[in-house]
Amino acid sequence: MMLDKDLQSIQAARELVKNAKNAQRQFAKFTQEQVDKIVAHIAAEAARHAETLAKSAHQETGFGRWQDKVLKNLFASTQVHQHIRDMKTVGIIADDSAKKVMEVGVPLGVITALVPSTNPTSTIFYKTLIALKAGNAIIFSPHPNAKVCSQQAIDVVKRAALEAGAPEGIVDGVTLLTMQATETLMKSKDVSLILATGGEGMVRAAYASGTPTISGGPGNGPAFIERSANIPQAVKDIITSKTFDNGVICASEQSIIAERCIYDQVHFELVRQGAYLMNEQESDQLAAILLRPNGMINPELVGQCAVTLAQKAGFIVPATTTVLVSPQTTVSPKNPYSREKLCPVLGLYVEENWHTACERVLALLTNEGMGHTLVIHTQNPDVVREFALEKPVFRMLVNTPAALGGIGATTNITPALTLGCGALGGGSSSDNVGPMNLLNVRKVGYGVRSIEDLRQPVAAPAPACDPTFSACVEPTAAPTSAKPVSIFEDTRFTGSDVAPTVAVIPAASNSIASNQGDDRFTTAVSPANDEINEAQVERIIKQVMGRLAP
Ligand SMILES: CC(=O)SCCNC(=O)CCNC(=O)[C@H](O)C(C)(C)COP(=O)(O)OP(=O)(O)OC[C@H]1O[C@@H](n2cnc3c(N)ncnc32)[C@H](O)[C@@H]1OP(=O)(O)O
């Protein structure tokens, strides 16, 4: 049976949607200049409250370090604003007079935003800025364990929006927080999108609501230290990242993978930089409390410092300990050291070479964190390229602390606190979410071809230059006067439903030519013209002559 409180919360949620819809209708008529002024004022006010709200979030949730939360609040206000400030999002956002196409930004409407308890105030700043920049209204549904600080953050952005001239209701949040209220927001037909960041259960509920959803996903970032790495710097980056807000950022490292040939140096640096390598018994004691009986992360350990974690597990570590490290050889859902932990605890794997390290990275990501983040420490660009081409993540970071690199604070990746994990992670976007994810684009296209033009035979596309040839040259004679004196057919250019691509250039030029502007004339040539047989030559000549015929 539904309680009075639940019914009231549903009613209040409906009212929020109604107000947001009305506000957004008015906001949709604002100019880019008006929108930008509002967004700038919200960013400035959010930055002004960075410290107060950092302390408030820390006090309420008990997660992390307030000093780091100040930095996160500043990142989510100032750095995000700097990135989006000059984006065109309102009205005509692109106009290509040569191609005769134009693009118009069309806001989505009302967005429901779920807020995680790990980054509550910073997420509210960030989501407000990107939603309003794209012309939308936004309604927050805070996490129940962070509702006071979330409400304070909502008050800051709400007041700032009104001061700068935004319509009332453009940004607001649920005050009577119940699951029913959140469901009402998620399922409302007047809500166009759910921007979901938080625990897996809520994110799944968002997708199941039937309303389009963009989400972040669980991370499980492996940090690979390759043999060419600057090892002291790599270890410093990992520890910086893992201790930042006591490891609550989902992009942060969850394990270290080191090549055996550099393991002694990695071990030396870890110890020198305050890491505590747990013995088997200590590892087991901590493992026993890292996860809840249902296999989910234990919130009592989230965002705690290394010393407190050890205490909770029943052993003592030096007061200067930065991170707890557990040497591991296995990967499985039951092994918390091979999963996301959201606190300064790392698994440590030693691998023979970078090929086996690759396999370990893959196993870890398959275990958890598909589509999210990995970090590699190396001076070898070839290894970076190999990893970039193969690994199932959408953020691959190089020589940087992953928590800060993944959100775009220490890298030039889009600054964001919702990190999409794409299809690999069961999400709808792989982006660091920004304003362009929160608007639709109306395309305007002028007619530039008639149907008669479309009926003209289409020439086969000119082949790309073969890198084995030194240069591409223009045909030396005009197409109509050219004679097929040197012909070569390459199987790469002959798809089943594509006409063979042939060369028509003077035999002496001994080079490759490309089609330049005349649709009837397709060229490609190799010096190896004597490798083709008579029948092929005949067929190709006929085809070329047919094309060249006026
Ligand atoms: C860039 C970034 O760093 S984004 C970070 C995003 N990542 C995360 O938040 C990490 C994933 N989060 C988690 O694993 C968990 O939230 C933890 C471990 C941090 C905290 O765990 P808990 O305190 O138990 O919170 P949890 O998120 O599981 O939610 C507790 C309850 O509140 C409910 N709840 C959460 N959000 C809402 C909401 N907006 N409205 C109503 N109810 C909510 C949940 O459904 C859950 O209900 P249940 O107990 O009936 O299942």
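The values are calculated or read from the model by the stated rules, or taken from the named source; none is laboratory data. Predicted model, so just to flag it, every value in this text is computed and none were measured. Virtual Cβ from ideal backbone geometry, glycine too; neighbours counted across all protein chains shown. Surface accessibility is based on the protein's heavy atoms, side chains included, excluding ligands, DNA and RNA. Shrake-Rupley method; radii C 1.70, N 1.55, O 1.52, S 1.80 Å.
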Completion exercise
In this structure, among LYS100/LYS443; LYS21/LYS189; LYS29/LYS88; LYS133/LYS187; LYS127/LYS391; LYS37/LYS133, pairs with alpha-carbon gaps over 18 Å are LYS133/LYS187; LYS127/LYS391
Practice task
Among the lysines, select those whose C-alpha is under 18 Å from the C-alpha of LYS341, and discard any that sit fewer than 8 residues away in the same chain.
Solution key: LYS242, LYS312
Exercise for the section: State, as an integer percentage, the relative contact order of segment 345-414 based on alpha-carbon contacts under 8 Å between residues 6 or more apart. Expected result: 26
Practice task
Rounded to the nearest 0.05, what FRET efficiency do MET2 and MET296 give with R0 = 25 Å and r taken as the Cβ-Cβ distance? Could you check?
Solution key: 0.40
Completion exercise
Once all protein chains are kept in place, THR320 shows an accessible area at probe 1.4 Å, nearest 10 Å², of 110
Exercise for the section: Report the extension gain between CYS261 and GLN233 in nm, rounded to one decimal, defined as 0.36 nm multiplied by the number of residues separating them, less their alpha carbon distance. Expected result: 8.3 nm
Problem - Magnitude of the charge dipole, segment 1-125, Cβ model with Lys/Arg +1 and Asp/Glu -1, debye to 20 - result: 120
Completion exercise
For LEU348, the residues 5 or more places away or on another chain with a placed amide H closer than 5 Å to its own amide H are ILE256, SER326, GLN328
Exercise for the section: Please list, in chain and number order, the residues 5+ apart from ALA275 or on another chain whose amide H is under 5 Å from its amide H, with Hs placed from the backbone. Expected result: THR322, VAL323
Practice task
Multiply the residue gap between ALA94 and GLN34 by 0.36 nm, knock off their C-alpha separation, and tell me the result in nm, one decimal place.
Solution key: 19.7 nm
Practice task
Using a 1.4 Å probe and ignoring any ligands, DNA or RNA, find the accessible area of GLU51 and quote it in Å² to the nearest 10.
Solution key: 90
Handout entry: In nm, spacing of pseudo-spin labels at LYS334 and ASP382 (7 Å Cα→C-beta vector)
Key = 4.2
